[in-house]
Amino acid sequence: MKRINCVLVAATFCLGVAHAAGKDDAARAIAAAAAKMKTAATLDDQWTPTVASFKAAKAAEATGDYANAEATAKRAAALAAASIAQARSQKRLWRNAVTR
Amino acid sequence: MQRTSAMIVALAMLTLGAAPLAKAGPAADLKAFQAYFQTRFPTLALQDYVDGPYNFSANDRAQWKQILEFPPYSFAVDAGKTAFGTKFPDGADYASCFPLGGIGIAQDYPKFDEKTGKVVTIGIAINECRKRHGLKPLSLTKGELADIVAYMTSTSDGKLIHVVIPNDKRAIAAYEAGKEYFYSRRGQLNFSCASCHVQAAGKRLRGQYLAPALGITASFPVYRSKWGDVGTLVRRFIGCNRKVRSVPAKPDSAAYRDLAYFLTYMSNGLPIAGPGARS
């Protein structure tokens with residue numbers, strides 16, 4: 001009986017740690033996405049799906065769904081990174097499309 | 001020796017090749033832009049381009065002509081005329097803010113304002129007029145401002161577009177920024193304005209023909225059946241941006257002002273045909 005109690009206490013502790021880690025991970029992912037989106041905005045090339053993903057991440061975080069928040073924030077960061085790459089490459093490439 | 005000569009020749013050729021690019025300015029761009037479309041669609045006269053997508057489908061053109069028998073934008077023109085003639089609380093009116101009382105001047109917009117160093121569209125000029133007389137600015141996309149622009153544009157019907165880019169570094173920079181915006185791909189779908197309105201002009205995108213960029217501004221503001229009312233060129237820019245999944249700029253942003261400047265300048269010499277009607 002004593003052994004079962006120990007296991008239960010340990011399991012509860014582990015769950016609590018996992019929960020805290022999920023919250024921190026989500027917050028980190030959201031902050032990383034926000035930083036990338038700021039760069040994209042500076043380059044005048046923010047994508048609408050980036051904004052939608054970011055909003056979804058914040059909403060998931062607010063409801064305590066940290067796994068979903070982290071995943072959607074990472075998606076927002078990936079989209080923002082793609083838009084940054086697009087904007088930087090277009091600084092050079094747009095000239096190729098000019099009618100001559 | 002032979003190697004040195006070859007290098008000099010190569011360098012000279014490179015310099016010669018780069019020369020047209022270095023010398024390209026608004027006038028050269030305009031010539032090349034209009035020549036591109038005239039070569040691509042040799043059966044179209046320059047003034048035909050103001051009909052936009054209706055040059056490419058007899059069926060769509062016939063429907064459009066039927067719509068124009070009772071122009072859907074006429075209500076906007078009437079409302080715009082009334083608003084244009086209404087006195088401000090301080091006794092002034094819109095006419096007092098524009099040369100020639102605002103009649104028959106739409107073909108000269110956008111203009112470069114030497115005082116502010118910014119491009120001014122006709123919509124922005126209307127809002128500046130309001131602000132000068134203590135009134136709040138209107139939405140630059142639709143509603144009362146679009147109606148006023150519709151009325152003012154109707155008084156320029158048939159006049160040739162005459163956008164001027166003065167020999168001012170800031171004006172040239174604004175023009176170049178508009179040109180860069182026009183040709184730069186953006187949004188998740190990776191489209192530029194030119195993707196649809198230069199490279200794919202005259203081709204179908206789903207059920208609709210894509211209007212060539214040449215002459216595209218001549219019909220604005222337009223009544224769009226999709227909108228159910230009249231909208232300005234900025235409203236269309238915003239719609240295009242959203243379509244390619246790009247967050248639009250603000251209606252009065254430098255990006256849209258400069259884009260309008262470049263794009264309208266490219267239609268210099270074509271007649272105003274606005275307000276227009278589109279599907």
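The values are calculated or read from the model by the stated rules, or taken from the named source; none is laboratory data. Keep in mind that this is a model prediction, so the values were computed, not measured. We place every Cβ from the backbone using ideal geometry, glycine too, and count neighbours over all the protein chains shown.
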Take region B:179-195 and flag every residue that is buried (at least 21 other Cβ atoms within 10 Å of the Cβ) and among the charged types (D, E, K, R).
B:LYS179, B:ARG185, B:ARG186
Residue that is farthest from the other protein chains (Cβ to nearest Cβ), among those in region A:62-100 that are modelled with pLDDT of 95 or more and not in a helix (DSSP H, G or I):
A:GLY64
Of everything in region B:26-41, what is touching a Leu at 6+ places or on another chain (Cβ under 8 Å) and crowded, with 20+ Cβ neighbours inside 10 Å? Give them in sequence order.
B:PHE33, B:GLN34, B:PHE37
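If a residue has to be assigned to a loop (DSSP other than H, G, I, E, B) and either surrounded by 14 or more Cβ atoms within 10 Å (Cβ to Cβ) or of a type in the set (Gly, Ala, Ser) (or both) to count, how many in region B:136-161 make the cut? Show your work before the answer.
Here is the first cut: in region B:136-161, the residues assigned to a loop (DSSP other than H, G, I, E, B) are B:136-141, B:143, B:155-159, B:161.
Restricting the remaining residues to those that are either surrounded by 14 or more Cβ atoms within 10 Å (Cβ to Cβ) or of a type in the set (Gly, Ala, Ser) (or both) gives B:137-141, B:143, B:155-159, B:161.
Residues in region B:136-161 being assigned to a loop (DSSP other than H, G, I, E, B) and either surrounded by 14 or more Cβ atoms within 10 Å (Cβ to Cβ) or of a type in the set (Gly, Ala, Ser) (or both): 12 in total.
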Just checking, does region B:249-256 include any residue being in a helix (DSSP H, G or I), buried (at least 21 other Cβ atoms within 10 Å of the Cβ) and either of a type in the set (Phe, Trp, Tyr) or more than 11 Å from every other protein chain (Cβ to nearest Cβ) (or both)?
yes
Contacts under 8 angstrom Cβ, first residue in region A:41-52 being under 16 Å from B:SER184 (Cβ atoms) and more than 7 Å from chain B (Cβ to nearest Cβ), partner of a type in the set (Phe, Trp, Tyr) and not in a helix (DSSP H, G or I), 6 or more apart
none
Can you list residue pairs whose Cβ atoms sit under 6 Å apart, with the first residue in region B:172-195 being at the interface with chain A (Cβ under 7 Å from one of its Cβ atoms) and the second being aliphatic (A, V, I, L, M) and in a helix (DSSP H, G or I)? Count only pairs 6 or more apart in sequence or on different chains.
B:TYR183/A:ALA97; B:TYR183/B:ALA194; B:ALA194/A:ALA97
Please determine, by comparing only the residues of region B:214-242 that are surrounded by fewer than 24 Cβ atoms within 10 Å (Cβ to Cβ), touching a residue at least 12 places away in the same chain (Cβ under 8 Å) and within 14 Å of chain A (Cβ to nearest Cβ), which one is farthest from B:ALA255 (Cα to Cα).
B:CYS240
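If we scan region B:75-95, do we find a residue that is within 26 Å of B:PRO212 (Cβ to Cβ) and surrounded by 15 or more Cβ atoms within 10 Å (Cβ to Cβ)? Break it down into steps so the answer makes sense when it comes.
Filtering region B:75-95 for residues within 26 Å of B:PRO212 (Cβ to Cβ) gives B:76-77.
Imposing the further condition that a residue be surrounded by 15 or more Cβ atoms within 10 Å (Cβ to Cβ) reduces the set to B:76-77.
Among the residues of region B:75-95, at least one is within 26 Å of B:PRO212 (Cβ to Cβ) and surrounded by 15 or more Cβ atoms within 10 Å (Cβ to Cβ), which makes the answer yes.
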Of the conditions (1) within 14 Å of chain A (Cβ to nearest Cβ); (2) crowded, with 21+ Cβ neighbours inside 10 Å; (3) assigned to a loop (DSSP other than H, G, I, E, B), B:ALA211 satisfies every one except a single condition; which number is it?
(1)
